[in-house]
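Just so you know, all these numbers are worked out from the coordinates, no wet-lab data involved. As the structure is a prediction and not an experimental result, all values here were calculated from the model. Backbone-built Cβ (ideal geometry, glycine too); neighbour counts: all protein chains shown.
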Amino acid sequence: MQKSDLRIRVFGTKITQELLSEKLDLIKKNIKNLIFYLVIAGTDTSQIEGISAAGNNAKARRQTALADAEFLLFGASKDHKYKLPFLISGVTPALISYVCSKLIGSNPIVVPIGINEKPYFSHLNVEDHLIGPANCITTGKSMPKERVLNLYKKGLEIGKSSKGPIFIAESVPGGTTTAQAVMEAFGLDVSHLIGSSLLNAPRKLKSEVIKTGLLNSNLKNSFDSIDVISSVGDPFQAFSMGLLIGTRLANKFVLLAGGSQMLAVILLALEFIDSKDKQEFIDLVFIATTSWLVTDNSLGDLLKLITQKHNVNLLGIASPLNFKSSKNKELRDYEIGYVKEGVGAGGMSILANLKGFGNKEIVSMCQVNLGKMKDIGQISLEKV
């Protein structure tokens, strides 16, 4: 695995040091121009017991995305509305994203889709919140095709009219399962490559859920990305595919901050666009994640499967952030495989790194803000 002079890792695709420096310099020069979107979305797939660690029970997982978004915007606040859910180990990656967002001076735009309530904070409305979450993918009918098309078109138009490059982050409980489902729908064998926010990914459970969903779907010999999302996808994928394609049509670069969920969006886009434009399309698309997701090379292998399928080169970069020296167990838990990524944590910390902020400073600020979260009771300290 390559590393830049800033210790940012490269995964998935081999690249010359000169080209890597050129790409990182492009991102660095445009940090102030980046438009940050946090897409929070709901799918009833998250309600399956044991499928996700983004909340200790089904009720908590309904609120996780809202709590993540609130924390990203406001940090530790005694006036918080949503309590961050109890986690068996670790702490929400929104903590990392909040700290790094403040360091780089970003102003994230929250896009709630399929969330059961209208957020009290400022957000970008792309559909009526009363529509609710997508169905569980076991139905094979996650969303009506009309809804998927509407979300795709909304994302497409926002992307096409973008005045600058964009940064896409997500908070979607159950999202690694829907990501795996769309990849398998397109014939990729990825069950051994996709993890979860849990230390030991529930791979058997995920595979059973996805197998049921694909069997119940209406996918025939001829289908496209819209059909796949409609069958076994989620609202985040529909909107973000449109946002990605639209932004590239505007000739702006896109930084997708996450792991398998972002690779699923890239795959959906590659399956959807004109075949002759694929390398030109992907040249200014980057996937940025945490070091904890690339430790065992599975994300790199997943990236290679997608790029080989479409004969393109995609740059994956991983943050050098680590919590080995942290005094807090919740942060050190990241080092043994808990949580790993979410809310754009990897991408945000890379941008902070490019702006000159080191590991020591980021860890220190995470510790301070974690202490504040505990002091005001914003993070659940026990099961509910």
Students often get this wrong: which residues of region 338-363 have the backbone nitrogen under 15 Å from the point 7 angstrom along Cα-to-C-beta of residue 32? 355-356
Is region 63-127 best put as rounded, prolate or oblate by its Cα gyration tensor, with a ≥ b ≥ c the root eigenvalues, rounded for a/c under 1.5, and otherwise prolate when a/b is larger than b/c, oblate when not? oblate
To the nearest Å, what is the center-to-center distance of region 84-152 and region 312-384, using C-alpha atoms only? 20 Å
Fluctuation leader among 337, 346, 174 - the chain, Gaussian network, Cα springs under 10 angstrom: 337
Scaled by the rule-of-thumb 2.2 N^0.38 Å, the alpha carbon Rg for region 159-235 gives a ratio of 1.26
In whole Å and largest first, what semi-axes does the C-alpha gyration tensor of region 261-319 yield when each eigenvalue is scaled by 5 and square-rooted? 21, 11, 9
Subtract the Cα-Cα distance of residue 121 and residue 224 from 0.36 nm times their separation in residues, and report this length gain in nm to one decimal. 33.5 nm
Taking only DSSP H segments of four or more residues, each worth -39500 (n - 2.57), what value at 222 nm results for the chain once the sum is divided by all its residues, to the nearest 500 deg cm²/dmol? -13500 deg cm²/dmol
Toward the positive end of the charge dipole of region 2-375, about the Cα centre and with charges on Cβ (Lys, Arg +1; Asp, Glu -1), which of 43, 8, 364 goes farthest? 364
Volume per residue, Å³, of the convex hull around the alpha-carbon atoms of the chain? 119 Å³
Do the alpha carbons of any pairs in 327/372; 28/160; 220/278; 29/278; 81/340; 23/252 sit beyond 18 Å of each other, and which pairs? 28/160; 220/278; 29/278; 81/340
DSSP loop trypsin sites (Lys or Arg not before Pro) in region 102-201 with at most 14 other Cβ atoms within 10 Å of their Cβ, which ones? 163
Tell me the label-point distance for the pair residue 211, residue 129, using the 7 Å Cα-to-Cβ offset, in nm and rounded to one decimal. 3.9 nm
Restricting to Cα pairs under 8 Å and 6 or more apart, the percent relative contact order of region 2-375 works out to 25 percent
List the residues whose amide H sits under 5 Å from the amide H of residue 43, counting only those 5 or more places along or on another chain, with H placed 1.01 Å from N in the peptide plane. 134
Heads up, region 92-148 by the C-alpha gyration tensor (a ≥ b ≥ c square roots of eigenvalues; a/c under 1.5 rounded, else a/b over b/c prolate, else oblate) looks prolate
